[in-house]
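As structure tokens, the structure follows; a few thoughts come after it.
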Amino acid sequence: MEVESSVRLFGGKRRLVERVREQCAELGVRQLSWAPTGLAAVALARAGISNGFAKPLEQVLDGLPIDVLSAVAAHRATLVRLGCQTLGQVRALPRGGLSRRFDAQLLAALDQAYGLRPEAHDWVRLPDSFHARLELMARVELAPALLFGARRLMLQMSGWLAARHCGVTAFTLRWRHDAMRARSAGDGGELTVRTAQATRDIEHLTRLLAEHLAKVQLLAPVADLELLAIDVQAFEEKTRSLLAEPQQSGEGLALVLERIAARLGPDRVLRPVVLEDHRLEWMSHWQPAPTPRPRKASRTVGIPQPTFVLPEPLRLATRGDRPLYQGVLQLLAGPHRVEGGWWDRTVEAGLQTTRNVARDYWVALSEHAGVLWIFQTRLADDETAWFLHGTFA
């Protein structure tokens, strides 16, 4: 990493080193080194040395073995016969002889490591899709124990998502059984985790995966893991403000619902969703919490809406033309015509029908029941009927 121009944004070199050491440990990084040049830092890391600024760069590199630079290690057999064991001994050889006897990469690597020639780095080109594999250090027999290796793959996925400014709504964890498995166990298995919103929060994704793995029973020991991001979406930042905002304490409602649904089952944790429909019964429906929510309805309803809706409209008795419910109802506001639904087809009693409605809604007042939401509809022979559909709190 080249951080000279932006190191102050991380709080200085010391804090940056501590942050990288803590966070990269989960990715398997065991050695962290820094030096004035990139190749010098690579050489020090391979030699197990951290600080390349403690002494002048030449003194630090001259004593390192020739294996620490790949371009030099490629000619190790020849250099050893010449009596060279360290980088300093290779540099002591005549440059003219080195350029004629060896390829140009050897001198270029030495000059770049010692800061005598500028380094040119290629930009990292991320793949269009994420697919990572990990061979486990030991065979795993219990599914929850797969979380340790899966988290390492998820950290890689999080970095890939952050670089592409995206989030994931579904990812798949696959595992392959050990080669010494029984034939009946099969090659392996897989598990797909879905979220309602695009995210790259590792802690939340790890908790979801842990809940799913707790329900899995492995048929044989697992040797390899694979992680695939199967549904990637553009990540919408919560704020673009340059001013620091107070951090929320605890988890959001959506994250908690997803975690509970992963534990109890998606069909046991439901949330209401508002739909683009003017018929009161079908303005909303309940769907599993992990299912992505539809886009928010942009249309606003310009008529009163009841606080509580009856599961089925209740037909009311009438006195003359006036509806009754615990007494004669007083009509306060209306009528509000709701008509349509010929496109909404369903099957009832084995016959196909539609949910077409033609209603005139009223806000009515009952002396004992309070404010009610009733409607009038026409039946055969021009007969009208009144129904109670909801109440206002």
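Using only Cα atoms, find the angle between the long axis of helix 202-213 and the longest principal axis of the chain, and express it within 0 to 90 degrees, rounded to the nearest 10.
70
Can you give the FRET efficiency to the nearest 0.05 for Q85 and L126, using r as the Cβ-Cβ distance and R₀ = 30 Å?
Once rounded, the FRET efficiency stands at 0.15.
Give the longest segment of the chain that steers clear of trypsin sites (Lys or Arg not before Pro) in DSSP loops with at most 11 neighbouring Cβ atoms within 10 Å, not counting the sites themselves.
Within the chain, the longest run free of exposed trypsin sites (Lys or Arg not before Pro) spans 126-237.
Mark the label point 7 Å from the Cα of I303 along Cα→Cβ and return the residues of the stretch 335-361 whose backbone N is within less than 20 Å of it.
Within reach of a label on I303: 335-344, 355-361.
With the full set of protein chains in place, find how many percent of the accessible area of the chain is carbon and sulfur; take the probe as 1.4 Å. Walk me through the intermediate numbers first.
Numbers: 13120 of 25390 Å².
Ligands and nucleic acids excluded, carbon and sulfur reach 52 percent.
To the nearest 20 debye, what charge dipole does the stretch 131-208 have about its Cα centre, counting +1 at the Cβ of each Lys and Arg and -1 at the Cβ of each Asp and Glu?
Roughly 100 debye for the stretch 131-208.
Using a 7 Å offset from the Cα along the Cα-to-Cβ direction at both L9 and R133, what is the distance between the two label points in nm, to one decimal?
Distance between the two pseudo-spin positions: 3.6 nm.
Got a sec? Charge dipole of the chain, +1 on Cβ for Lys and Arg, -1 for Asp and Glu; which of M180, I49, M154 is way out at the positive end?
In the chain, that residue is I49.
In a GNM of the chain with a 10 Å cut-off on Cα contacts, which of A132, A43, A317 has the highest mean-square fluctuation?
It is A317.
Is there a quick way to get the dipole size of the stretch 56-197? I mean about its Cα centre, with the Cβ of Lys and Arg at +1 and of Asp and Glu at -1; what is the value in debye to the nearest 20?
The calculated dipole for the stretch 56-197 is roughly 260 debye.
Taking the simple approach of a point 7 Å from Cα along Cα-to-Cβ for both D224 and T318, what is their distance in nm?
Roughly 7.5 nm, to one decimal.
Given the options S70, L208, A223, identify the residue whose Cα lies farthest towards the positive end of the charge dipole of the chain (+1 on Cβ of Lys, Arg; -1 on Cβ of Asp, Glu).
Result: S70, furthest along the dipole toward the positive end.
I need the GluC sites (Glu not before Pro) found in the stretch 348-393, filtered to DSSP loop residues with at most 14 other beta carbons within 10 Å of theirs.
Taking the stretch 348-393 and a limit of 14 other Cβ atoms within 10 Å, the loop GluC sites (Glu not before Pro) found are E367, E383.
Which sequence of F148, F102, F53 reflects their accessible areas, 1.4 Å probe, from the largest down?
Sorted descending by solvent-accessible area, the residues read F148, F53, F102.
Using the alpha-carbon atoms, what tilt in degrees (0 to 90, nearest 10) does helix 147-163 show relative to the longest principal axis of the chain?
Once rounded, one gets 90 degrees.
Counting only heavy atoms of the protein chains, get the accessible area per residue of the chain (1.4 Å probe) and round it to a whole Å² value.
Value returned for the chain: 65 Å² of accessible area per residue.
Which listed residue (P290, V309, G88) has the Cα farthest towards the positive end of the charge dipole for the chain, taking +1 on Lys and Arg C-beta and -1 on Asp and Glu C-beta about the Cα centre?
Most positive-ward Cα: G88.
As a test question: what accessible area, to the nearest 10 Å², does E135 have when a 1.4 Å probe is rolled over all protein chains in place?
120
Label-point separation (nm) for H285 and D103, each offset 7 Å from Cα along Cα-to-Cβ?
6.3
On alpha-carbon atoms, Rg over Rh for the chain using Kirkwood Rh?
Rg/Rh: 1.22.
Apply the a/c threshold of 1.5 to the C-alpha gyration tensor of the stretch 99-211 and tell me whether it is rounded, prolate or oblate.
Here the stretch 99-211 falls in the oblate category.
Taking the Cα centre of the chain as origin, sum charge times position over the Cβ atoms of Lys and Arg (+1) and Asp and Glu (-1), and report the length of that vector in debye to the nearest 20.
Details: 49 positive and 43 negative charges, 291 e Å.
Magnitude of the dipole: close to 1400 debye.
Taking N as the number of residues in the stretch 6-48, what is its alpha-carbon radius of gyration divided by 2.2 N^0.38 Å?
1.21
In nm², what is the average projected area of the convex hull enclosing the Cα atoms of the stretch 177-235?
Computed as one quarter of the Cα hull surface, the answer is 4.8 nm².
Please report the accessible area of H278 (heavy atoms, 1.4 Å probe, ligands and nucleic acids excluded) in Å², nearest 10.
Roll a 1.4 Å probe over it and H278 shows about 70 Å².
With a 1.4 Å probe and every protein chain left in place, tell me how much accessible area I230 has, in Å² to the nearest 10.
90
The values are calculated or read from the model by the stated rules, or taken from the named source; none is laboratory data. Remember, predicted model here, so these are calculated numbers, not experimental data. Because the Cβ atoms are built from the backbone with ideal geometry, glycine has one as well, and the counts that use them run over all protein chains shown. The area values use the complete protein model at the heavy-atom level, side chains included, leaving out ligands, DNA and RNA. Shrake-Rupley method; radii C 1.70, N 1.55, O 1.52, S 1.80 Å.
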